[in-house]
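Colleague: One structure, pasted below without further comment.
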Amino acid sequence: MKLNRKTVAFALFIISAIFAFTSCSKKIGYSVVLWSIPKENLSDGTIVPVYIKSNISHCYVIGIPDTELKCEVPLWKISEPTSKRKVVDVQKKYAEYQHYYASVKRDGLPIRSEPQNTSRQIYRTREGEILKVLYKGNGAVVMAGNKPLEGDWLKVLTNDGSLGWCFSYNLNVYNENEKSVQNVVAAKEENLYDDYMKKILSATWYPEEYQTMVNQRHVDLESINPEYKFETGYNSDGIVKMTSEKMNFSFPFNGITKIGNRVYRFNDSNLTMTIRTSASIFLQYVDENQRQLTVNLSALSESIDTIIERETNRRINEYGKIASAGPTFSSSSYGKINFYPDNTFSWSGYKLLTPSLIPDGAGGTGTVSIEYFLASALKSEYDGILTLKFDGNGKKVSFLYKIEPNGIRLEDVQRAKFKDKVVTEKSTNPVIIFFGK
């Protein structure tokens, strides 16, 4: 039988290893254990003799101190062998963080070749992954917007042997000898929070602008989204969740820790909450790209479904008044327009308005919506704003309107001033159209 070179080399290593385990006492050097080896009762920081190195099986044969025993360990679990004198200096290098490990708070945290965010990424972590902390280094400041993040650059080792630098902001650093007695208290314990905090944690929080819409009675159905909200899960599934255009995360709720005046950090996360009032909070969150995101949230004065339903009904009633006032209106110059009960329209004879106001190819039919709001100063002159979406080209044209005793007056808003969805000033020299019944 013909043996390949790899098989022969491996066999030779096994023979050498057996010899080393039984009789060989010649050492190739001394190393420091970097990652604890509980099976052999070896903690990190221990100096061990090294007998054999195999690049084939990627392991060392080391001696267990104060015994005659030897064992195999992966190459990455101990430092590079050196002399007995020099290994003492190696041990001192790792002394500050002896027994210290770190659990990763989120997926995708990068480990880099140098202690700076612009250096090459050599590894991406998984949420909950354990890293060995070797020592602290001096590196570039990590910024979140205009503010530096709290933390240090740490030299870390992964459990596949990757070695690099990781910023500690998104790490939970702990002493392995103390972890078993860490006091992690579940947030659902009845005596953990007072009634005020329970109210904060039990509320469903929505973007602050939603409450502003309600207060100003300008509820924009096109931008309000019932799914955009923040929940701690305190009274339900125990999962902290945030869903919005700019901030998305989900993780188990394991309590909160006060870190400042009315400022709290959600345990084992990079999320902080500042309480302004019982109905207003401010969240800060650092995402996977080390960007600090912020959002203002409100506890709505009524359910979001009620808010949406009320605004929907208001628009239905407003359009109903227009349709019932006609539904057919005519102009000798601008044709005939019909408003139908199903929020559709037909318009013929508007040639004089094309293309200055109504684009070419618009066609003669479309749908009607009420998307915009009047500023208070304009409510005495107009009843509202109509938006016509033409089927022919999908273009929208909006008009201020006023229902008159004998018809309806439309006024274009091409040059009107808008603030969000509110018309604050009408156009200068607008096109004004009167349609009679």
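The values are calculated or read from the model by the stated rules, or taken from the named source; none is laboratory data. These numbers come from a predicted model, not from an experiment. Reconstructed Cβ throughout: ideal geometry from the backbone, glycine too, with neighbour counts over all protein chains shown. Keep in mind that these areas ignore ligands, DNA and RNA; they rest on the heavy atoms of the full protein, side chains included. Shrake-Rupley method; radii C 1.70, N 1.55, O 1.52, S 1.80 Å.
For (1) modelled with pLDDT of 90 or more; (2) closer than 15 Å to residue 298 by Cα, each residue gets a yes or a no:
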site: 226; (1), (2): yes, yes
site: 229; (1), (2): yes, yes
site: 238; (1), (2): no, no
site: 246; (1), (2): no, no
site: 250; (1), (2): yes, no
site: 263; (1), (2): no, no
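Colleague: Let me ask something else about it. Output the residues belonging to the range 205-224 that are under 16 Å from residue 301 (Cα atoms), loosely packed, with under 15 Cβ neighbours inside 10 Å and hydroxyl-bearing (Ser, Thr, Tyr).
Modeller: Hit for the range 205-224 is 212, nothing else.
Colleague: Residues in the range 60-73: is at least one open to solvent by less than 40 Å² (accessible area, probe 1.4 Å), of a type outside the set (Gly, Ala, Ser), within 21 Å of residue 163 (Cβ to Cβ) and without any contact (Cβ under 8 Å) to a residue 24 or more places away in the chain?
Modeller: The answer is no, given that none of the residues of the range 60-73 is open to solvent by less than 40 Å² (accessible area, probe 1.4 Å), of a type outside the set (Gly, Ala, Ser), within 21 Å of residue 163 (Cβ to Cβ) and without any contact (Cβ under 8 Å) to a residue 24 or more places away in the chain.
Colleague: Among the residues of the range 250-272, count how many are of a type in the set (Gly, Ala, Ser) and in a strand (DSSP E or B).
Modeller: Applying the first criterion (of a type in the set (Gly, Ala, Ser)) to the range 250-272 yields 250, 255, 260, 269.
Applying the additional criterion that residues be in a strand (DSSP E or B) yields 250, 260.
Qualifying residue count, the range 250-272: 2.
Colleague: For residues in the range 111-131 being part of a strand (DSSP E or B) and under 11 Å from residue 166 (Cα atoms), which is most open to solvent (accessible area, probe 1.4 Å)?
Modeller: My answer is 124.
Colleague: Continuing with the same structure: Which one of these is outside any strand (DSSP E or B) and either open to solvent by less than 30 Å² (accessible area, probe 1.4 Å) or in contact with a His (Cβ under 7 Å, 6 or more places away or on another chain) (or both): 307, 275?
Modeller: 307
Colleague: If residue 51 satisfies all but one of (1) in contact (Cβ under 8 Å) with a residue 40 or more places away in the chain; (2) among the aromatic types (Phe, Trp, Tyr); (3) farther than 17 Å from residue 161 by Cβ, what's the number of the condition it fails?
Modeller: Only one criterion is unmet by residue 51, namely (1).
Colleague: Quick one: which strands (runs of 3 or more DSSP E) sit completely within the range 363-437 and have at least 2 residues that are open to solvent by less than 80 Å² (accessible area, probe 1.4 Å)? Break it down stepwise before answering.
Modeller: Details: elements: 365-369, 384-390, 396-404, 407-412, 417-419, 422-425, 432-436.
Here the list reads 365-369, 384-390, 396-404, 407-412, 422-425, 432-436.
Colleague: Also: Considering every residue within the range 186-206, establish whether at least one is of a type in the set (Phe, Trp, Tyr), at pLDDT below 95 and in a loop (DSSP other than H, G, I, E, B).
Modeller: yes
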